[in-house]
Amino acid sequence: MLTLERVEVAYGSVRAVHGASISVPEGEMVALIGPNGAGKSSLLNAVVGLHAPSGGAIRWRGTDVTGWSPQRMLRAGVALVPEHRRILTGLTTEENLLVAGILTGGRTRRRLAAELMERFEVLGRKRSTPAGLLSGGEAQQLAIARALMSRPDVLLMDEPALGLAPVLRNQVFDLLGELAAAGTTLLVVEQDAHRLLAMADTAHIMRSGDIVASGTGGELSAREDLFEAFLGNGT
Ligand SMILES: Nc1ncnc2c1ncn2[C@@H]1O[C@H](COP(=O)(O)OP(=O)(O)OP(=O)(O)O)[C@@H](O)[C@H]1O
Ligand SMILES: [Mg+2]
């Protein structure tokens, strides 16, 4: 349902993504892995309109959405949990959710925020806490809940477990599993490649702006050669 066709991303003369083709079928989890600087964030940001692609096309449910603004993409059902969370630290947990639901009508927005604060129980307990005082794991849950405020049809997640302690990383992976089980369509970037591949339906390895391997999560997991060549040990 979401298709990236030879998408290119450039920052001036720096070509970050050379032509990436990925398809994200409805209800599936697609993993995108690769070393630092591979172009993963550039690609995700281009899909949601934070940075216009310099080439290629993005199609969403049959419509060419290349170059659409982030607001328009959000309205169309495509949401991003950005790298480094980017929550509004001066606002409370609840206010962060309400601001994120700005595209939704007032009453629905409050109901959605209430639902999410029940589902993410720590967010409910800390609804009046300034987001800047949340722990890393709590802030990450808020970043994910915030993206869910738009009731997206597809959720793009850029390293949701980045910088978290092991127990909190586990929570994020549990949450990914729950979202997948609930049928959410997901395109996920994570450093913990083996763990993500174990959950993903399909996966792509990206390096220096190119997709260098694609397959099912299981297939890529078994390719030790790829791990050594592209991802280094320990991933
Ligand atoms: N705003 C920018 N201006 C110029 N160059 C950029 C910008 N953002 C990223 N780049 C460059 O584009 C390339 C890809 O970066 P990107 O952040 O997309 O990689 P990444 O795969 O997400 O890496 P990481 O795993 O470290 O998050 C890098 O060479 C980076 O230096
Ligand atoms: Mg990145």
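The angle between the Cα long axis of helix 166-181 and the main principal axis of the chain comes to about 90°, on a 0 to 90 degree scale. Largest GNM mean-square fluctuation across 158, 201, 174, computed for the chain with C-alpha springs under 10 Å, falls on 174.
Seen against the Cα atoms of the chain and their longest principal axis, helix 106-119 is set at about 70 degrees.
Between residue 114 and residue 170, what length comes free when the chain is fully extended (0.36 nm per residue of separation minus the Cα-Cα distance, one decimal in nm)?
Values: separation 56, 0.36 × 56 = 20.16 nm, distance 2.46 nm.
The residue 114-residue 170 span can extend by a further 17.7 nm.
Taking Cα atoms, how many degrees apart are the long axis of helix 136-148 and the longest axis of the chain, rounded to 10 and kept between 0 and 90? The angle comes out near 90 degrees.
What is segment 75-189 by shape, rounded, prolate or oblate, if you read a ≥ b ≥ c off the alpha carbon gyration tensor as root eigenvalues and call it rounded for a/c under 1.5, prolate for a/b larger than b/c, and oblate otherwise? Taking the square roots of the gyration eigenvalues as a ≥ b ≥ c, segment 75-189 is oblate. What the phi angles of segment 151-162 give under the Karplus curve with 6.51, -1.76 and 1.60, with θ = phi - 60°, is a coupling list of 6, x, 8, 9, 10, 9, 10, 9, 6, x, 9, 4 Hz, glycine and proline written as x.
Can you tell me how much longer the chain between residue 128 and residue 216 gets when fully stretched, taken as 0.36 nm per residue apart minus their C-alpha distance, in nm with one decimal? Spell out each step's value before the answer.
Working: separation 88, 0.36 × 88 = 31.68 nm, distance 4.26 nm.
Going from the current span to full extension adds 27.4 nm.
Put simply, when 145-153, 7-15, 71-79 are sorted by average Cβ atoms within 10 angstrom per residue, most first, you get 145-153, 71-79, 7-15.
Please report the equivalent ellipsoid semi-axes of the chain, computed as sqrt(5 x eigenvalue) of the Cα gyration tensor, largest first, in whole Å. Present the calculation step by step, with values, prior to reporting the outcome.
Working: eigenvalues 161, 88, 50 Å².
Computed over the chain, the values are 28, 21, 16 Å.
By other beta-carbon atoms within 10 Å, ranking 110, 195 with the fewest at the front produces 110, 195.
What does the C-alpha gyration tensor say about the overall shape of segment 68-133? Classify as rounded when a/c is under 1.5, otherwise prolate if a/b is larger than b/c, or oblate.
Working: a/c = 2.02, a/b = 1.34, b/c = 1.50.
It is oblate, given that a/c is not under 1.5 and a/b is not larger than b/c.
Backbone N atoms of segment 24-46 closer than 17 Å to the 7 Å Cα→Cβ label point of residue 86 belong to residues 39-46. Distance between the pseudo-spin-label points of residue 63 and residue 6 (7 Å out from Cα toward the beta carbon): 2.5 nm. Computed extension length for residue 225-residue 50: 59.6 nm, one decimal, from 0.36 nm per residue of separation with the Cα-Cα distance subtracted.
Bear in mind these aren't lab numbers, they're just calculated from the coordinates by the rules spelled out. The shown structure was predicted, so the numbers you read here are calculated from the model rather than taken from an experiment. Every residue, glycine as well, gets a Cβ built from its backbone with ideal geometry; the counts of neighbours run over all protein chains shown.
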